[in-house]
Structures are given as structure tokens and as C-alpha cells.
Amino acid sequence: MIAEVVINRNVKKLNKTFDYQIPEELQDQILIGSRVFVPFGNQKEPEEGFVVGIKETTRFQVKTICSVEGNRFLNQEDLELAKWMEKRYFCNLADCMKLLLPPGVTTKEIGNRVKEKNLKFVRLNKETEELEEEIKNRILKSEKQIQLIRFLMENGETLITEVEELSGVSRAVMKTLEKNGYVTIFEKQVERNPFLHKVVQKTGNLPLTEEQQNAFRQIADAMDDCFFSEFLLEGVTGSGKTEVYLQLIQKCLQEGKSSILLVPEISLTPQTVDRFLARFGEEKIAVLHSKLSIGERYDSWNKIKQGRAQIIIGARSAIFAPAQNLGLIIIDEEHDDSYKSEMTPRYQAKEVARYLARRENIPLVYGSATPALETRYRAQKEEICLLKLTKRANQASMPKVEIVDLRQELARGNHSMLSQRLFEEMQENLERKKQTILFLNRRGFSTFVMCRDCGYTAKCKNCDISLTYHRKEEKLKCHYCGYETNLLQVCPECKSKNIRYFGTGTQKLEEEIQKRFPGARTIRMDIDTVTKKNSHEEILNKFREEHFDILIGTQMVVKGHHFPDVTLVGVIAADSNLNMGDFRATEKTFQILTQVAGRAGREKEPGRVIIQTYNPDNFSIQCAKEQDYDVFYQTEMELRKQLKNPPFCDIIVIGIHSENLEYVQKVSQKLYQVMKKQIQTENLPVILYSPLPAPVDRIKNKIRWRMLLKCKFEDWVADFINQSIQICEQELKQKDLQKTNIVVDLNPTNMM
């Protein structure tokens, strides 16, 4: 028998099958979807691969498979999904298959993967009555042995380490008792439990409002009909979308089905998990996200695969969880950029979710207060059923939003990060013992460092980007590649000592708040403060439970969090997204301002929001002030239509990257010529733009050029792009291609 094997490499030329002989002794073990190790090329060590087909014969002279991983990992449906992703996201099949494997099994060496966690336990071999009799008759004389036996009588089967710690009995005593037949020492698999530190109180269903009940009923009907359908649950901040999710998932459980809930930020996961643990208990829930250890993720994956966990909560990659009898998929904060992967495979989790929901004939629910324009457009075309929640669930009023023109603040001589209005509101909040959130979407202390004599700006040595000053570490850091260096004391160009730090970040804001409100308890949440495990949760719990006065943070503080005592939100610089050179800039600005405003006044106390900006008349800022999604949607859609931007077309970015500018230019021009000729010859409905340097034209020492295509993406578009790349590769010299990387990205969320 012959196996068709895909090699686990990301080299484009290896994205095909290779035939291998299946040894007779492995014929019962090797199936489609098996993970195998094979001799490949001149490699000394066997190469990892996946079996994607089995046939009787081959026309090639073939080598024999070395070994197979014990468990079959992928089924036919998994392979179909991987093949669909391979074509849509322009990547190797093996890259897609790896997403479907258990965490930690993609190492090159068999036996080197994450395994089940086995620990040593000890248990009694005899009945209590018999042991009491032996102790009474002094058959057992050793005090230490009797001490251990009585401990095991009270506690039953126990971890050896716990026995040593709690009973004070040594392992030598256990060994003696085992030798004499009184106890058995054995290994047992235990699960690494990410919920160990959680203490939550049980809760029940909350009564649904009329709008919530209507949304629940329509989605529940689709679940009953076992019918693929999509719903957009568009609810203002605080409208109770999560309660609708909880009750839909409860219905799934009652019917013996699983559900997947995706959340965009790891910082949202602890709060969401707490609500689900309180409602359903930990046995039915599995969590998957990157802040868990690989072992915890591996155990969660197994728990799902075995059908013991029927509620899967996680970030983007949780969509690939091996859910059994799937009944519902929910994507919360569906507008968020993090659902789109920026690494190979560059998949969009919402599209993968739609594929799975269609395959399983189940409902797919998108939830957001500020839906992505593409999603809302599909709802307008009635491809998605629109369900609206227009009021806050607890009858709380929407926050009052005020815009402060920073130009006028400067004219009045106020050069601080806080406008007079925001300063006064914060003072009042502190006096009333209420909490404040300050949002600034830039971390660090200063955003760039410049010599005031010659204009030299400190830049990353690997990227064409300014270094950011981080005061706590006294370092200059690159937020693209992680490069860091010491502070500048002297300008390297003109030797001047007139070095100044410009711009503002969360560290600088924190320092200013501590100076102006010395008695306030302040806590900061950004990438720099959440590097440790559970640090997201610790910061949020401190703010909520220890009642810190002020939370300073980047976008991880703005989405989905519920803080009952937050009555004031301050946006320090509302313009940061407006100037990023992306057609989605106004949409992102509107979404983030609306979301951050939604953190204020979610309980009985009314909320206030102060938005500081240099562009007070910008329509996205004005719409955020009024919390008016519909007006924003209509205005922005007119612009998108005129410019032929999504959702009226798809944008495909072809990136050409190399350390050598000459190679980048050669490959870019050749690929452009090939594509242009084919578009003209076949009259293809594609708009092709000339290759140009990317807005950030060097990252990690790679020079970056790109071409843009606009069209409606279909299978023929993927074929056209792949064929063009093949022709380009055939017509260029091998050395130009070997050092040049071509990356194709469908509808990227980051156009930089």
C-alpha cells in the first residue's frame, strides 16, 4: 500500500504530496489523517508529515515510512477544512493541518511532544476492619507505618507528595508498606486545571428583556430546525448580549450538544470564563488561549475531544477545537481585528466559523455594539438576520459623552495630557469614591526620541520605525521586532546632548496621574504589564475588588469589561487611529471610542465620557459622541462605495519581502507584468495597483514592497494569483527567488 504524504514544511515548492511505501507491520495503523515520520531528501533525521491519501500503487520508486504517531489525529472532515483554508489563504496544506492538531504535538521528533501529566499516588490494599485488627494485635508496630495507614483511611487515594507534606511520613515508609502488601504506589493521569485559582459563586438565569427574549427565540428556533443560519446580535454596550449567549448555550447543553464562544482579547477571557463557571460549573467548560501553558491547552483539548467539555471558550484559534456534536458558534465583539491572523496561515476566524456552521447545519451568532461594516452590510442584504438590543439590560442610561478640543487647551496654555475638563471630572470622581478608566492606545513613555539640534530620530536597527522610550526599564524599544537599546545621551549624528523625548504613552500618563493625584490608587494595563501568566486577571481583579481609583490602559481595557463603579471614562488621544493611513481608520476610531465609552455608567450611577481630540469635527468622533452606529454606517458606506473598498469588493495584498532591495524590485516588477498581461488578455474583473514600498517598508531587516488587487474573491481569483506567481518563478533566476518571500493576504486588517 502507498501513502500520499504532505511534508510539514512551509516551503511553497513542497506543498504537494509525496508517495511512500507503508510497511506491512504498520498497515493497520496508518490511516488518512495519520502523522508519520518519513525519510526525505538528504535529511539524516526523518521528516514529519501527514497522510492525506492511500492508494494501491505508484509509478514512482518510493521510500518506506519510518514510523507513525500512535493516535490518528485528523479525520476526513478535518482534511477538507484544511484544503479549503489552503486555497483561500494561500498557504501550505501542512500549515493548515497543524492548526487542527492537539497543542504541543507539532515538534519534529516523535516522542518529544506534550504528553499527559502522570503523577504518583498511594492507596491502601486492605479493608479498614482488617487493618484495625492488625494494629490492635500489634502485627503492625511501627508508629510511622500506623500513622500513614490512618492518614490513608481518612483521605483515601492520595498523591505521594501530599502524603509526605501532610502526614509527615517519608517515602521510605511507603516503600516498606508496599513491599509488605499494605499499600500500592501507582501512576495516574491528572489534568492540568486552569480553573484551580478560581472561586466563583453559583448563579442562575437572569430574566430576559423583550428584546433579549426575541433574539433568544429566533436563534433557538434555528437550533431546533438544525438549519445553518447567521445572526447579528447588535446590542448597545451593556444591553445583555452575554446573558443571551448563556441561555443559548444552556439550551445546547440540555440537548447534549457542544458550543464554541470566541472572544477577541485574552483579557476578556477571565471575565467571560467567570460568568460561565458560575452558571455551568468547571466540568463542562474548556478554555483555549495562548496565556495557558502548553500542558493546560493539551489537557483542555483532550477534554473537548473526549466530549467531557461541551462549552469551549477561547480566542481565535479555539475555532479549531475538536468539539463533539457541535450545536452553536458565537463570536463576541465580532468587529475585532484579532479574529484575523497576521501569521501564516492568515485565516479569518469568522470565515472558518461560517464554514463549520454550514457543514454542521447550526446557527452562527455574531455579537457587537459596533459591528464590522462588512457584517452589517451582509445583514442589510439579508444574508444575516439582524437582531437589535437598543437598551441596556438593567435600565441604566447610556453615558453622557463630551468632546474636548485640545487645540483650545493649547491656546489656553495647557500642555499637559489632561484637559481642564477631564482633570475636574477626575477630581470629582475621586471625591465621590468612584472609579475612572483612562484610555490611551500607545504604550511606553514617549513615542519617539529626537535630537533638537540636527533632527536625528532614534530608529530600530531592524525596522523602519521609531524606537519608543520605556521609562521603567530605561530602554528604547521597537514595538515591531522587540529590539531594545540603551537611552541616548549624545546624538550619534551631531554629538549634541540636546536630546528630547516626544509623544506620550501609558507609562508617561501613569506618571502624570500620580503627580497630579498623589493620593489616588492607580493601576496600568498594557502589553508591558501583562506578560506573566494570569496577569490580565490579576490586574482586572485588583481594579474591581480592591477598588483602585484609576485604571490606565490600551485597547485591552475597552472591550466587554463590566465594572459597576466606573462612572468616568477619559480618552486621552482620540486621533491616534485616524492618522494611520488605512481605509479602516475612521471605522476603528468609531468602534474603539464607542466601546470605551460603554465602560462608563453600567449600573445605577450615570456615566460620563470625556473624549480629547485635535479633530473634534471628524464624523467618526461625532458619531461616537452620539453613540449613533446607523449614521456612521450610512456615511462610511457611501465613501467605501465610491472608493471600491470592502464590503463592495475584496482587497488582496501581495507582499514581496527580502533583505535585498534589488531582489524585491525584480520580483515585484516581474509579478506585476505577469498579472497585468493576464488581466488584459483574459479581461479579468480585477483592479491591479503598481508595486510600491509598504507604509512600514522595513521590518526585521526585511525590505517590504506590496501590490494591491481589488475584486470579488472567488476560486478563480486564487487560481489566477497562484498561476501568476508560478509563471513569475519560472521566468526569474533562482537566486532572486531564493532570497525573496511572496506573501498573499486576503482582506488584511492591518494595511501597514
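The values are calculated or read from the model by the stated rules, or taken from the named source; none is laboratory data. No experiment lies behind these values; they were computed from the predicted model shown. Methodologically, a virtual Cβ is constructed for each residue, glycine included, from the backbone with ideal geometry; neighbour enumeration extends over all protein chains shown.
Can you find, within the stretch 639-674, the residue that is nearest to the chain's Cα centre (by Cα) among those that are surrounded by 13 or more Cβ atoms within 10 Å (Cβ to Cβ) and basic (Lys, Arg)? If you could, list the steps in order and put the result at the bottom.
Kept after step one, since they are surrounded by 13 or more Cβ atoms within 10 Å (Cβ to Cβ), are these residues of the stretch 639-674: 640, 645-661, 663-674.
Those left that are additionally basic (Lys, Arg): 640, 666, 670.
Details: Arg640: 28, Lys666: 36, Lys670: 36 Å.
That would be Arg640.
Within the stretch 342-371, can you find the residues that are touching a Pro at 6+ places or on another chain (Cβ under 9 Å), buried (at least 18 other Cβ atoms within 10 Å of the Cβ) and part of a loop (DSSP other than H, G, I, E, B)?
Arg346
Looking at the stretch 532-551, can you tell me whether even one residue there is outside any helix (DSSP H, G or I), more than 13 Å from Thr436 (Cβ to Cβ) and acidic (Asp, Glu)?
First pass over the stretch 532-551, keeping only residues outside any helix (DSSP H, G or I): 532-534, 546-551.
If we keep only those that are more than 13 Å from Thr436 (Cβ to Cβ) as well, we get 532-534, 546.
Checking which are acidic (Asp, Glu) leaves us with 546.
Yes - at least one qualifying residue is present in the stretch 532-551.
Any idea which residue in the stretch 369-413 is farthest from the chain's Cα centre (by Cα), counting only those that are acidic (Asp, Glu) and within 30 Å of Met426 (Cβ to Cβ)?
So the first thing to find is which residues in the stretch 369-413 are acidic (Asp, Glu), and the list is 374, 382-383, 402, 405, 409.
Of the ones still in play, those that are also within 30 Å of Met426 (Cβ to Cβ) are 402, 405, 409.
Working: Glu402: 32, Asp405: 35, Glu409: 38 Å.
Result: Glu409.
Quick one: what pairs do we get from the stretch 570-594, first residue in a helix (DSSP H, G or I), second acidic (Asp, Glu), C-beta under 7 Å, 6+ apart or different chains?
Going by the 7 Å Cβ cut-off, the qualifying pairs are Thr586/Glu636; Glu587/Glu636.
Whether any residue in the stretch 666-673 is outside any loop (DSSP other than H, G, I, E, B), hydrophobic (A, V, I, L, M, F, W, C) and within 30 Å of Thr370 (Cβ to Cβ) is what I want to check. Please lay out each step first, then the result.
First, pick out the residues of the stretch 666-673 that are outside any loop (DSSP other than H, G, I, E, B): 666-673.
This time we only want the ones that are hydrophobic (A, V, I, L, M, F, W, C), so: 667, 671.
Remaining after also requiring within 30 Å of Thr370 (Cβ to Cβ): none.
No, the stretch 666-673 contains no residue that is outside any loop (DSSP other than H, G, I, E, B), hydrophobic (A, V, I, L, M, F, W, C) and within 30 Å of Thr370 (Cβ to Cβ).
It is to be established whether one or more residues within the stretch 53-68 are in a loop (DSSP other than H, G, I, E, B), buried (at least 20 other Cβ atoms within 10 Å of the Cβ) and out of contact with any helix residue (DSSP H, G or I) (no Cβ under 6 Å at 6 or more places or on another chain). So that I can check it myself, show each step before the final result.
As a first pass, look at the stretch 53-68 and keep what is in a loop (DSSP other than H, G, I, E, B): 56-62, 65-66.
Subsequent filtering for residues that are buried (at least 20 other Cβ atoms within 10 Å of the Cβ) retains 65.
With the extra rule that they be out of contact with any helix residue (DSSP H, G or I) (no Cβ under 6 Å at 6 or more places or on another chain), the set shrinks to 65.
Yes, some residue in the stretch 53-68 is in a loop (DSSP other than H, G, I, E, B), buried (at least 20 other Cβ atoms within 10 Å of the Cβ) and out of contact with any helix residue (DSSP H, G or I) (no Cβ under 6 Å at 6 or more places or on another chain).
Within the stretch 465-511, how many residues turn out to be under 30 Å from Ile550 (Cβ atoms) and without any contact (Cβ under 8 Å) to a residue 60 or more places away in the chain?
Count: 21.
Against the conditions (1) of a type in the set (Asp, Glu); (2) modelled with pLDDT of 90 or more; (3) surrounded by fewer than 16 Cβ atoms within 10 Å (Cβ to Cβ), where does Asp28 fall short? Just the number, please.
Of (1) of a type in the set (Asp, Glu); (2) modelled with pLDDT of 90 or more; (3) surrounded by fewer than 16 Cβ atoms within 10 Å (Cβ to Cβ), only one is false for Asp28: (2).
Quick one: what pairs do we get from the stretch 738-752, first residue over 20 Å from Lys13 (Cβ atoms) and surrounded by fewer than 17 Cβ atoms within 10 Å (Cβ to Cβ), second among the charged types (D, E, K, R) and at pLDDT below 90, C-beta under 8 Å, 6+ apart or different chains?
Sorted first by the residue in the stretch 738-752, then by its partner, the pairs are Asn750/Asp582; Met752/Asp582.
Which residues, taken from the stretch 623-646, are closer than 22 Å to Leu418 by Cβ and not small (Gly, Ala, Ser)?
Just the residues of the stretch 623-646 that are closer than 22 Å to Leu418 by Cβ, to begin with: 624-625.
Within the stretch 623-646, just Lys625 meets the criteria.
Is at least one residue of the stretch 357-367 closer than 27 Å to Ile552 by Cα, within 24 Å of the chain's Cα centre (by Cα), among the small types (Gly, Ala, Ser) and in the same structural domain as Leu262 (by TED's automatic domain parsing)? Can you show your working first?
Residues of the stretch 357-367 closer than 27 Å to Ile552 by Cα: 367.
With the extra rule that they be within 24 Å of the chain's Cα centre (by Cα), the set shrinks to 367.
Checking which are among the small types (Gly, Ala, Ser) leaves us with 367.
In the following step, the residues that additionally are in the same structural domain as Leu262 (by TED's automatic domain parsing) were identified as 367.
Scanning the stretch 357-367, I find at least one residue that is closer than 27 Å to Ile552 by Cα, within 24 Å of the chain's Cα centre (by Cα), among the small types (Gly, Ala, Ser) and in the same structural domain as Leu262 (by TED's automatic domain parsing), so the answer is yes.
So which residues in the stretch 323-337 are in a loop (DSSP other than H, G, I, E, B), crowded, with 21+ Cβ neighbours inside 10 Å and more than 15 Å from the chain's Cα centre (by Cα), if there are any at all?
Residues of the stretch 323-337 that are in a loop (DSSP other than H, G, I, E, B), as a first pass: 323-325, 333-336.
Add one more test, that the residue is crowded, with 21+ Cβ neighbours inside 10 Å, and what stays is 323, 333-336.
Across the stretch 323-337, the qualifying residue is only Ala323.
Can you say whether Lys677 is over 17 Å from Lys12 (Cβ atoms) and either among the small types (Gly, Ala, Ser) or surrounded by fewer than 16 Cβ atoms within 10 Å (Cβ to Cβ) (or both), as far as the supplied structure shows? So that I can check it myself, show each step before the final result.
Values: over 17 Å from Lys12 (Cβ atoms): yes; either among the small types (Gly, Ala, Ser) or surrounded by fewer than 16 Cβ atoms within 10 Å (Cβ to Cβ) (or both): yes.
Criteria met by Lys677.
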